[in-house]
Amino acid sequence: MLKRDDVILGIDLAFKDAAIPRTEEALAPPGIEARYVIDHFFGKTRDDVESQTFPGSLYMEDFSYMTEAAVLYYLPAVLRIMLANSTDFELWIHLHGFLRRLHGDYPNPALTALSVAQRKAIADWADTLSQEWVSSKWMSRFVKEAARLARSYRSAGT
């Protein structure tokens, strides 16, 4: 089993080159949903995202409307939030819903463009949650989902 610190370090290293979106257009392409993404994320650093309340049902939808570069910048913060609050059912449901869009009829371009290191970091993250949840009365129902997500990211990275 991977140590949490190693998983966090892997996430940080894999996404270290992602730059904060400096303009509204760099955060979200023009569209009806852009204003919500801008309201929730514009000007926020990863530390800001991690230190403030993160309502998964509201903010995770924004990831579908962000630019690829913005997803690469903000995703590591959300992965760390989930690790820190590993029993956050609501965040897991919405984060998993986003991350599973690696494949299928409507894959998210930011996810399909991930590097091998980024995919490995996400796979390690999902494996860690899966292993931790085995002994959790509340989250054990998601063990197979997290393990399947990890396998998906490992197979996509090869």
Checklist entry - Val116: at pLDDT 95 or above, open to solvent by less than 20 Å² (accessible area, probe 1.4 Å) and β-branched (Val, Ile, Thr), yes or no? => result no
Checklist outcome for this item: Among (1) modelled with pLDDT of 95 or more; (2) surrounded by fewer than 19 Cβ atoms within 10 Å (Cβ to Cβ); (3) more than 16 Å from the chain's Cα centre (by Cα), Lys16 falls short only on (3)
Next on the checklist: On the basis of being open to solvent by 50 Å² or more (accessible area, probe 1.4 Å), at pLDDT 95 or above and not aliphatic (A, V, I, L, M), does Glu24 make the cut?
Outcome noted: yes
Next on the checklist: Tally up the residues in the stretch 128-155 that are part of a helix (DSSP H, G or I), within 16 Å of Asp88 (Cα to Cα) and not β-branched (Val, Ile, Thr), please.
Outcome noted: 10
Checklist entry - Quick one: what pairs do we get from the stretch 37-52, first residue over 23 Å from Asn85 (Cα atoms) and free of Cβ contacts under 8 Å to residues at least 40 places away in the same chain, second part of a helix (DSSP H, G or I) and open to solvent by 30 Å² or more (accessible area, probe 1.4 Å), C-beta under 8 Å, 6+ apart or different chains? => result Ile38/Glu24; Phe42/Glu24
Checklist entry - Do we find a residue being closer than 21 Å to Asp62 by Cα, at pLDDT below 95, among the aromatic types (Phe, Trp, Tyr) and open to solvent by 50 Å² or more (accessible area, probe 1.4 Å) anywhere in the stretch 138-146? => result no
Checklist entry - Hey, among His103, His96, which residue is open to solvent by less than 30 Å² (accessible area, probe 1.4 Å) and closer than 20 Å to Val71 by Cβ? => result His96
Next on the checklist: So Leu13 passes all but one of these: (1) under 26 Å from Val143 (Cβ atoms); (2) outside any loop (DSSP other than H, G, I, E, B); (3) touching a residue at least 60 places away in the same chain (Cβ under 8 Å). Which condition number does it fail?
Outcome noted: (1)
Next on the checklist: Can you tell me which of (1) charged (D, E, K, R); (2) outside any loop (DSSP other than H, G, I, E, B); (3) without any contact (Cβ under 8 Å) to a residue 24 or more places away in the chain is the one Arg22 doesn't meet?
Outcome noted: (2)
Item to check | Selection from the stretch 32-86 of residues that are open to solvent by 70 Å² or more (accessible area, probe 1.4 Å) and in a loop (DSSP other than H, G, I, E, B) | outcome: Ile32, Phe42, Gln52, Thr53, Tyr65, Asn85
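The values are calculated or read from the model by the stated rules, or taken from the named source; none is laboratory data. Keep in mind it's a predicted model, so treat the numbers as computed, not measured. Neighbour counts run over all protein chains shown; Cβ positions are idealised from the backbone, glycine included. These accessible areas exclude ligands, DNA and RNA; they are computed on the full protein's heavy atoms, side chains included. Shrake-Rupley method; radii C 1.70, N 1.55, O 1.52, S 1.80 Å.
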